[in-house]
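Below is one structure, written out as structure tokens; comments come after it.
Nothing in this text is a laboratory measurement; each read-out follows from the coordinates by a stated rule. The structure presented is a predicted model; accordingly, all values stated were derived computationally and were not measured. Here Cβ is always computed from backbone atoms with ideal geometry, including for glycine, and neighbour counts include all displayed protein chains.
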Amino acid sequence: MEMLLMGACLSMFGLAVACLAFGAATRQPEETEAAAPAIGKAAVKASAAPARFFVNRPVVPLAARTEVPIEALLLQIENHVRLEHAAAECFVEAPNASRLHSRTTSPLLN
């Protein structure tokens, strides 16, 4: 019974610590400014700037953004499927480890 009570107390303590950590992590900049008024306004503005994990995407020139017609893409996919089907038929006719692990002649990678 004592072990069960000790486990329950430790669980409640862990829950309280997790709640405090979550509250500190989700606090708004206005709340932190009220909590620490000695911080300068420049430091608060710098911390309020949106932080970005990834770098902004580079601007691609309009000439590089030309779209490929859907018919050309469908033709490439059909050609790739034909080549893969032929390779599968060749393997089924005569199974061989070298044929199984060889690269295809398709320009698309599978």
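In whole Hz and in residue order, list the ³J(HN,Hα) couplings for the range 9-15 that follow from phi through the Karplus curve 6.51 cos²θ - 1.76 cosθ + 1.60, θ = phi - 60°; x for Gly and Pro.
The phi angles translate into 5, 5, 5, 5, 5, x, 5 Hz.
Fully extended, how many nm does the chain gain between residue 94 and residue 81 (0.36 nm per residue separation, minus their Cα-Cα distance)?
Using 0.36 nm per residue and subtracting the Cα-Cα distance, I get 2.7 nm.
Label points 7 Å out from Cα along the Cβ direction at residue 9 and residue 102: separation in nm?
With each label point 7 Å from Cα toward Cβ, the separation is 7.4 nm.
HN-Hα J couplings of the range 81-90 from phi, Karplus 6.51/-1.76/1.60, θ = phi - 60°, integer Hz, Gly and Pro as x?
Result, ordered by residue: 5, 4, 5, 5, 5, 5, 5, 5, 5, 5 Hz.
Obtain the nm distance between the two label points defined at residue 24 and residue 1 by a simple spin-label model: each point lies 7 Å from its Cα along the Cα-to-C-beta direction.
Placing both labels 7 Å beyond Cα along the Cβ direction yields 3.8 nm.
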